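Have a look at the structure below before the remarks.
The values are calculated or read from the model by the stated rules, or taken from the named source; none is laboratory data. What you see is a predicted model; the values in this text were computed from it and never measured. A quick note on method: Cβ atoms are made from the backbone with ideal geometry, for glycine too, and the neighbour counts reach across all protein chains shown. For the accessible areas, the whole protein counts, side chains as well, though only heavy atoms, and no ligand, DNA or RNA atoms are used. Shrake-Rupley method; radii C 1.70, N 1.55, O 1.52, S 1.80 Å.
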Amino acid sequence: MSCPPLESTLLIDNSNTRTKFLLMQEGQLLHGSMRSIPTVEITPASVSALLAGWSFRRAVIASVVPCALEVLLASLPCPVTVLGAASSPLPLDFDYPGVGTLGADRVANALAVAVEYALPCIAIDLGTAVTFDVIVERNSRACFIGGVISPGLLTLAGSLHRNTAQLPQIALSRPPHAIGRNTREAMQIGVHLGFVGMVSSIVSGLRRELGTEAGLVLTGGDAELIAPHLSGKVTIAPYLTFNGIALAAQALT
């Protein structure tokens, strides 16, 4: 007699550029199940087509795009939990006056760091925007105390083209030297070295204020690019946000 299929939970990371979908069974992420779609293309029909063949009993969403979240909520054929700092109970405290403005992706990243890494620790998500989230230990519990938001690499590159009359749109690449020999090279060098310097400077400021060489956990598309330029203990965690969504799904069961 065959065993019944395991019940799955659908995890959704709804970010500015792409929305990613992943299944979880018995607390384990099914990494091979990853599916994604550009966030601007989310419609009831596209969500239904993307999820074809999947069976899940509930969904947990971390969303930073309210209009896309509305479509997702209307498109999913199951109970849905929307992750936020006010979600309860979570194994993470918040000492943060602006907690009502805290993005769900930052909550997920902080939650994953709080459970899986030694504290104090800084989670850095290198996407369309770059978020730096600081988690410390207080009264034997993990506590989110704040962070930084800055432009991502693609955002920096795109702003030069959008806000000037003659500068072109550039493909991002690692420059082999520091002196540009044409306009595109000059832009690539400026964006690359400027981005690396910005991230490094923010990390230095956070560590200085914490008074310790806090560990770094990097996620997002530009994590591999930035990691070699940072000192101390640096970990690249491609599934950090999903790990946090999964932990929330288990805590909120």
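Within the stretch 208-236, count every residue that is open to solvent by 10 Å² or more (accessible area, probe 1.4 Å) and either touching a residue at least 40 places away in the same chain (Cβ under 8 Å) or in contact with a His (Cβ under 9 Å, 6 or more places away or on another chain) (or both). Number of matching residues: 8. Of the residues making up the stretch 23-33, those that are open to solvent by 70 Å² or more (accessible area, probe 1.4 Å) and either under 15 Å from residue 59 (Cα atoms) or in contact with a Gly (Cβ under 8 Å, 6 or more places away or on another chain) (or both) are 26, 28.
When the stretch 120-147 is filtered for residues that are open to solvent by 20 Å² or more (accessible area, probe 1.4 Å) and in contact with a Gly (Cβ under 8 Å, 6 or more places away or on another chain), the ones remaining, listed by number, are 120, 125, 127, 128, 129. Of all residues in the stretch 92-150, those satisfying the criterion of being assigned to a strand (DSSP E or B) and hydroxyl-bearing (Ser, Thr, Tyr) are 131, 150.
Checking the stretch 163-171 against the condition returns no match, with no residue being without any contact (Cβ under 8 Å) to a residue 60 or more places away in the chain and assigned to a helix (DSSP H, G or I). If you go through the stretch 48-64 and keep only what is open to solvent by less than 80 Å² (accessible area, probe 1.4 Å) and either more than 20 Å from the chain's Cα centre (by Cα) or farther than 15 Å from residue 21 by Cα (or both), you end up with 48, 49, 50, 51, 52, 54, 56, 58. For the structure I just gave you, tell me whether residue 22 is modelled with pLDDT of 95 or more, over 16 Å from the mean Cα position of the chain (by Cα), within 30 Å of residue 135 (Cβ to Cβ) and not in a loop (DSSP other than H, G, I, E, B). Criteria not met by residue 22.
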